[in-house]
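Here the structure comes first, spelled out in structure tokens, and everything after it is commentary.
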Amino acid sequence: MTAPLLEVRGVSIAFGGVVALDRVDLEVGRRELVSVIGPNGAGKTTLFNCICGLYRPDAGRIAFEGRPLPRRPDLIARRGIARTFQNLELFRHSTVLDNVLLGRHLHIRTPFVAAALGLPRWKRDEVAHRRRVEEILDFLDLQAARHRRVGDLPMAQQRLVEVARALATEPILLLLDEPSSGMTAEEKADLVHRIKDIREEWGITVVLVEHDLKIVMGISDWIAVLDHGTKIAQGPPEAIQRDPQVISAYLGETA
Amino acid sequence: MIQFGQYVVGGLATGSLYALVALGIVLLYRSSRVLNFAHGDIATLATFVAFTLLGRAVPFAAAVAAGLLAAAALGAAFFFFVLRPAREASLLGKIVITLGLALVLSGVMLVTWGADTQVFPFPLSDTRVYRLGGVVVSEMSVGTIGAGMALMGLMYGLVQRTTLGLAMRAVAQDATAAQALGIPARRIYALTWGLASALGGAAGVLLAPVVYLDPYMMLDPFLKGFAAAVLGGIDSLPGAVVGGFILGIAENVFAGYVSFKFKTTLAFAIIVLVLTVRPEGLLGREYRRRV
């Protein structure tokens, strides 16, 4: 039994009396594709924010590759956790290419002087970075938009740019926060294939927060369900679909 | 025509000072939306530090470098020990905090160096002049314009051509996203504060030989730099430079041909005019944040 890649243990956080997460456990193994679902306000994004260090949990601990995570978000990113944002946090005034290149920032090792003077070492690094970026743009079919300003792109493409930028950091674990929202049915179908490929071809572990149950049921190894900050169920898609607690949580929302 | 050229050259010298001040203001505004009202006082403090060291027979370059370093350290420390702990404060709250720093600094300077004006020894002379086809340029002006241009060029290189500059631009646009990509936003903020403060200090050192040194020396240049920043577009670095030169030249030409006393009024009129036609400033592109 190998240790899980990501281990969330008893994580709780409250915002001014409102309990957003209540002793949540989550164990994700290497190369798994896992979804976290739940009604609005269930705490899904809060969980992501705790993992990424944007929020500090009041209680509980989070370990990655068997070691606790550092506090600062940038150091957590350096450990190999990348994410996308539900509300899109893009460099809107920069081009698609520049956004993705910024994802390479982590890997830029060249000293300033070498870069400023355009020394051979810098050129070599630059070529390697560009190659990686091209692969990612090809993979997500963003080549045609590469020189467009991100802010001018349709929503679906902006979401893909977020994925591209996250991939550029060469993560071990990728957290996707509602990547399909604002997409048409056709775009969603494409997205499903790409998420699968991210795991299959790139070998990246994926945790997905998603509203669209069709997507979730189709691609997840297993699913965790949050409701009012508590995990109410966990299991393979077929079991989750039949779970009475899950059904009532979702029906409760629509009722 | 020669007369006009004369005014323009004078304006270039003043303009490069305004541009330097404006650059520091814009640099901070871009990264954190904070308008730093202590910018002028930090600059004056840097000048006083250099002045004190010069009095102790420290070579000019070393004294100025120490002054700029002091300003940078003060700016970065202010971010780390005051603004950072108060990060939950509203933007307006933070701006008021910088106003507080301004008051504290001017108090400290009054106590330490007194309110008297001091003569700041400068290696370039105001009276030794060059002639360029009829236009007279003092050594001091040439030095000011040259130093200003060099610093602006350096800033451009830093922001546009280095990894550090890339990180600065990323943090300025979206700090959360930048952090998610592994960019240490806090360190970048501190560095930006240090850099902006040092730029202000450079403006202070270049200004001191012209206006004499006292704790309130930067009051007018700070307001002009601020105005230049707004004129150029408060979030645009090239805008700050353009705004600074336009303001400096227009002021000087107006003072020469029309009225010296009303030159500051003209600055105001130009700003109102530009902002009426282009609310975002000449080169500005105020980020519209999502609602």
Subject >> Proximal lysines relative to B:K224, as straight alpha-carbon distance under 28 Å, when same-chain residues fewer than 8 apart are discounted >> reply: B:K94, B:K261, B:K263
Original post:
So for A:K123, A:K231, B:K224, fewest C-beta neighbours within 10 Å to most, what's the order?
Top reply: A:K123, A:K231, B:K224
**OP:** Find the relative contact order for chain A and round it to a whole percent, using C-alpha pairs within less than 8 Å whose residues are 6+ positions apart.
**Re:** 27
Original post:
What share of Cα pairs, in percent, lie more than 14 angstrom apart in the stretch A:1-63?
Top reply: 56
**OP:** Rank the residues A:I13, B:I97 as a footprinting-exposure proxy: fewest other Cβ atoms within 10 Å of their Cβ go first.
**Re:** B:I97, A:I13
Original post:
What FRET efficiency comes out for the pair A:E27/B:V277, r = Cβ-Cβ distance, R0 = 56 Å, nearest 0.05?
Top reply: 0.40
Subject >> Residues B:T47, A:T95 arranged by fewest to most Cβ contacts within 10 Å >> reply: A:T95, B:T47
**OP:** Order the peptides B:203-214, B:119-130 from the highest to the lowest mean number of other Cβ atoms within 10 Å of their residues.
**Re:** B:203-214, B:119-130
**OP:** Name the most mobile residue of B:F262, B:F222, B:F245, meaning the one with the largest mean-square fluctuation, in a Gaussian network model of chain B with Cα contacts below 10 Å.
**Re:** B:F262
Original post:
Where the only charges are on Cβ atoms (+1 Lys, Arg; -1 Asp, Glu), what is the dipole of chain A about its Cα centre, to the nearest 20 debye?
Top reply: 1140
**OP:** Please express the Cα-Cα pair-distance distribution P(r) of the stretch B:98-242 as a list of whole percents, one per 5 Å bin, running from 0 to the bin with the greatest distance.
**Re:** 2, 8, 12, 17, 17, 16, 13, 8, 5, 2, 1, 0
Subject >> Most mobile of B:S90, B:S197, B:S236 in a GNM of chain B (Cα contacts under 10 Å) >> reply: B:S90
**OP:** Return one quarter of the surface area of the convex hull spanned by the alpha-carbon atoms of the protein assembly as shown, equal to its mean projected area, in nm².
**Re:** 30.7
Original post:
Where is the GNM fluctuation largest for chain B (alpha-carbon springs, 10 angstrom cutoff): B:G148, B:G93, B:G244?
Top reply: B:G93
Subject >> 20 Å Cα-Cα reach of A:K196 towards lysines, excluding residues that sit fewer than 8 places from it in its own chain >> reply: A:K188, A:K214
Original post:
Which of the peptides A:127-140, B:162-175 is most tightly packed, and how do the rest follow, judged by the mean count of other Cβ atoms within 10 Å per residue?
Top reply: B:162-175, A:127-140
**OP:** Kindly express, to the nearest 10 degrees and within the range 0 to 90, the angle between helix A:120-139's C-alpha long axis and the longest C-alpha principal axis of chain A.
**Re:** 40
Subject >> Partner chain coverage, peptide A:78-84 - average Cβ within 10 angstrom >> reply: 2
Original post:
Karplus couplings for the stretch B:132-141 from phi (6.51 cos²θ - 1.76 cosθ + 1.60, θ = phi - 60°), rounded to Hz, Gly and Pro as x?
Top reply: 10, x, x, 7, 8, 10, 7, 4, 4, 4
Original post:
What is the helix-to-structure angle for B:219-232, meaning the angle in degrees between its Cα long axis and the longest Cα principal axis of chain B, kept from 0 to 90 and rounded to the nearest 10?
Top reply: 70
**OP:** Within 10 Å of each Cβ in peptide B:165-178, how many partner chain Cβ atoms are there on average? Round it to a whole number, please.
**Re:** 5
Subject >> Acute angle (nearest 10 degrees) that the helix B:60-78 long axis makes with the longest principal axis of chain B, alpha-carbon atoms >> reply: 30
Subject >> Calculated P(r) tail over 27 Å for chain B, as whole % of Cα pairs >> reply: 40
Subject >> Cα-only radius of gyration and Dmax that characterise chain A, units Å >> reply: 18.9, 65
Original post:
Out of A:L175, A:G103, A:V18, whose Cα points farthest toward the positive end of the dipole of chain A (charges: +1 Lys, Arg; -1 Asp, Glu; placed on Cβ)?
Top reply: A:G103
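Each value in this text was obtained by applying a stated rule to the coordinates, not by laboratory testing. On a predicted model such as this, the values are computed, not experimentally measured, just so you know. Reconstructed Cβ throughout: ideal geometry from the backbone, glycine too, with neighbour counts over all protein chains shown.
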